[in-house]
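All remarks here apply to the structure that follows.
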Amino acid sequence: MPKDLKRSLTIAGHRTSLSLEPEFWEALRKAADARGVSVSALVSEIDQGRGGRNLSGAVRVWLLKDLESLLRGR
C-alpha cells in the first residue's frame with residue numbers, strides 16, 4: 001500500500017508541508033500543467049478558498065470537483 005508523500009511548498013509567501021497520496025500528487029501535477037501554472041501556484045489558489053478545511057483535504061476536494069466539472073463538460 002503506497003504511503004502518503006509529504007512535500008514542502010511555498011504558498012502565500014511561507015513554507016508549508018502537504019501530505020497526499022501519490023495518486024493525488026500526480027493528479028495535482030496534471031491539473032497544474034493543464035492550467036500552465038506550478039503546483040505551488042495551484043495549491044496557493046486552493047489554499048485561498050479552502051475555508052476551515054485542512055489543506056490536504058482541500059486539495060483532494062478541489063481535485064474531485066475539477067474532475068466532476070470535466071466530466072460534466074463531456
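Rule-based calculations on the coordinates, nothing more; no lab input. This structure is a prediction, so every number in the text was calculated from the model and none was measured. Note that each Cβ is placed from the backbone with ideal geometry, even for glycine, and that neighbours are counted across all protein chains shown.
Tabulated data
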quantity	calculated
Within segment 52-74, considering residues that are small (Gly, Ala, Ser) and over 20 Å from residue 10 (Cα atoms), the one farthest from the chain's Cα centre (by Cα)	73
Those residues of segment 28-43 which are over 18 Å from residue 6 (Cβ atoms) and touching a residue at least 24 places away in the same chain (Cβ under 8 Å), in sequence order	31
Matching residues, segment 24-51, being part of a helix (DSSP H, G or I) and more than 11 Å from the chain's Cα centre (by Cα)	33, 34, 35, 48
